[in-house]
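Contents: one structure, followed by commentary.
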Amino acid sequence: MQLLINGGISPRGSIDISAAKNSVLPILACCTMCKGTVVLHNIAPFGDILNMLSLLKDLGAKAEWDNGIATIDCSGINKWVVNASYANRIRASICLLGPLSTYGETIEIALPGGCNIGARPVDIHIAGMQKLGFDVEQGENLVCIPKSPKSNTIKLSMPSVGATQNLMMAACGIKGTTTILNAACEPEVQDLADFINLMGGNITGAGTPNIVIDGGVQLHGGQYTPIGDRIVAGTYLLTSALGLGGDVTTVGVNPMYCQATLKILQDMGCKIGVGKDWVRVQSDGRLQGIGHIKTRPFPGLATDMQAQLVVVLSLAKGKSIVYENMFENRFGHVSQLNKMGADITIKDNSLIINGVGKLAPQQLQATDLRCGAAMVVAGLAVDGLSTVDNVHFIDRGYFGIENDLKKLGLNVIRSE
Ligand code: EPZ
């Protein structure tokens, strides 16, 4: 399957953004701790989300998606082995460790999959579970034994998003107060805590490095609308910064969640408008490159925006330097952009970008989810026909990207 992109068109229009993949995935895992049916709204059938629903069904739950709504009932869960055929399709399968551990059973879970952007170990998840009194052995699978579960204070060696989410959920199942120090502050962590509190839990401090969980309360079911996807929104907004001019609005994402990206676009010369849940990016031609930008934990620049931003910077005037501090193998887009005529040099974990006025159409490949999104953005930037292969990577985190881009007047067709 390919995307055929006729680029060179100035984007104009507005797109409604669905729930954030990286919120919905841990929330779906958390449903295994909820007694009763959970109904989630504004859900797009991203590939990763459909995979997580299949994984829950494999454990014995009812888990369906229909017309924007996911309905989950985990009362029928009767299996404590998360097998590799499901687990290694997505990174978020590891986030079942915490919730399933609250059943008091021995859990066996295959190591997670996810985009090939680095080693992505799970040592921080394991260390945290051990602090909570679980024996965790890592062989081919992870085996988690409830030796003597107890609330505790856990200091993460780095602010891992997934580990913060996993340990928050595990701690909800343990009576007493657990504190997570050096926790991730991403909006998707805050959103999971909001979901848990709505379902009867008691978490404070989510969104700060110090999260306190008052555990031992049985969570119940209910209705919830997760936050909008700030990475999908950011990807669409920066199509207005490709030197073609543009006027793009996204609706459904709090601008505070993509502040770092918006600041960069503003510094490059875009006009930014914001409201409670909308963002508008306008530009009228070629932009100015900026000095140094670094990916960082929230509220810093999201690593998931790096590849897409590099496309914008490769077309801007002057020199820019991008440091990728979160993952060690997230430059799959660079050689392909250089094939299009970009001037990007890799130096350790940084990219030295000398902006060029134009890129040429090319046959491109998605090597992971966000590299794929960046290749689509690159195709939109150039006159003529570009193609992007391995569209399944893109479909993991964007639903019908070609249909969304059509709402901006852009010409992208999916060919089987
Ligand atoms: C989440 O991955 C997101 N995925 C990623 O989005 C995102 O890039 C990442 O957070 C950082 O924001 C989901 O939420 C499903 P981490 P996660 O644990 O939780 C290292 C996308 O494109 N680390 O914060 O796996 C790790 O190797 C995806 O939507 C350990 O060393 O990220 C990485 O270098 C890609 N040991 C850094 O920490 C651990 O036990 C950040 O990882 C865990 C992580």
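The values are calculated or read from the model by the stated rules, or taken from the named source; none is laboratory data. Not measured: the values here are computed from a predicted model. Cβ: placed from backbone, ideal geometry, glycine included. Neighbour counts: every protein chain shown.
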| task | Please determine, by comparing only the residues of the stretch 4-17 that are assigned to a strand (DSSP E or B), of a type outside the set (Gly, Ala, Ser) and under 22 Å from the mean Cα position of the chain (by Cα), which one is surrounded by the fewest Cβ atoms within 10 Å (Cβ to Cβ). | result | Asp16
| Does the stretch 391-401 hold any residues that are surrounded by fewer than 18 Cβ atoms within 10 Å (Cβ to Cβ) and either over 13 Å from Leu50 (Cβ atoms) or within 13 Å of the chain's Cα centre (by Cα) (or both), and which are they? | Gly400
| query | Quick one: how many residues across the stretch 300-324 are within 16 Å of the ligand (Cβ to nearest atom) and surrounded by fewer than 16 Cβ atoms within 10 Å (Cβ to Cβ)? | reply | 1
| note | By residue number, the members of the stretch 43-60 that are within 16 Å of the ligand (Cβ to nearest atom), touching a helix residue (DSSP H, G or I) at 6+ places or on another chain (Cβ under 6 Å) and more than 27 Å from Gly252 (Cα to Cα) are Leu55
| Residue list for the stretch 382-396, filter: more than 12 Å from Ala366 (Cβ to Cβ) and touching a strand residue (DSSP E or B) at 6+ places or on another chain (Cβ under 6 Å) | Val382, Leu385, Ser386
| query | Where residues in the stretch 129-141 are at pLDDT below 95 and touching a strand residue (DSSP E or B) at 6+ places or on another chain (Cβ under 8 Å), which of them is farthest from the ligand (Cβ to nearest atom)? | reply | Glu140
| request: From (1) in contact with a Lys or Arg (Cβ under 9 Å, 6 or more places away or on another chain); (2) at positive phi, pick out the condition that doesn't hold for Phe134. | output: (2)
| message | I'd like to know if the stretch 30-38 contains one or more residues that are within 15 Å of the ligand (Cβ to nearest atom) and at pLDDT 95 or above. | response | yes
| note | Residue hits (the stretch 142-157; touching a residue at least 40 places away in the same chain (Cβ under 8 Å) and either more than 16 Å from the ligand (Cβ to nearest atom) or in a loop (DSSP other than H, G, I, E, B) (or both)) are Pro146, Pro149, Ser151
| task | Check Cys144, Cys95, Cys115 and return the single one that is in contact with a His (Cβ under 9 Å, 6 or more places away or on another chain) and either within 21 Å of Leu369 (Cα to Cα) or at pLDDT 95 or above (or both). | result | Cys95
| message | Going residue by residue through the stretch 134-142, is there one that turns out to be surrounded by 15 or more Cβ atoms within 10 Å (Cβ to Cβ) and more than 27 Å from the chain's Cα centre (by Cα)? | response | yes
| query | Could you say whether any residue in the stretch 164-180 is within 16 Å of the ligand (Cβ to nearest atom), farther than 26 Å from Ala70 by Cβ, in contact with a Lys or Arg (Cβ under 9 Å, 6 or more places away or on another chain) and in contact (Cβ under 8 Å) with a residue 12 or more places away in the chain? | reply | yes
| Every pair of residues 6+ apart whose Cβ atoms lie under 8 Å, when the first sits in the stretch 212-240 and is aromatic (Phe, Trp, Tyr) while the second is in a helix (DSSP H, G or I) and surrounded by fewer than 24 Cβ atoms within 10 Å (Cβ to Cβ) | Tyr224/Leu198; Tyr236/Asp404
| Output for the stretch 225-246, where each listed residue is out of contact with any Leu (no Cβ under 9 Å at 6 or more places or on another chain) and of a type outside the set (A, V, I, L, M) | Gly228, Asp229, Arg230, Thr235, Gly245
| Residue list for the stretch 292-302, restricted to those being touching a helix residue (DSSP H, G or I) at 6+ places or on another chain (Cβ under 9 Å) and without any contact (Cβ under 8 Å) to a residue 60 or more places away in the chain | Ile293, Thr295, Arg296, Gly300, Leu301
| Before we move on, is Ala110 under 26 Å from the mean Cα position of the chain (by Cα), surrounded by fewer than 21 Cβ atoms within 10 Å (Cβ to Cβ) and more than 15 Å from the ligand (Cβ to nearest atom)? | yes
| remark: Just one listed residue, out of Ala29, Ala84, Ala63, Ala20, is under 22 Å from the mean Cα position of the chain (by Cα) and under 30 Å from Thr249 (Cβ atoms), and it is Ala20
| request: Could you check, for the stretch 24-36, whether at least one of its residues is touching a His at 6+ places or on another chain (Cβ under 6 Å) and at positive phi? | output: yes
| task | Output the residue which, of all residues in the stretch 37-67 that are surrounded by fewer than 16 Cβ atoms within 10 Å (Cβ to Cβ) and among the small types (Gly, Ala, Ser), is farthest from Thr106 (Cα to Cα). | result | Ser54
| remark: Picking from Val24, Val81, the residue that is crowded, with 24+ Cβ neighbours inside 10 Å and either away from the ligand (no atom under 16 Å from the Cβ) or under 30 Å from Thr367 (Cα atoms) (or both) would be Val24
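This table checks each residue for (1) away from the ligand (no atom under 11 Å from the Cβ); (2) buried (at least 19 other Cβ atoms within 10 Å of the Cβ).
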site: Ile69; (1), (2): yes, no
site: Asp73; (1), (2): yes, yes
site: Tyr86; (1), (2): yes, yes
site: Arg91; (1), (2): no, yes
site: Gly114; (1), (2): no, yes
site: Ala127; (1), (2): no, no
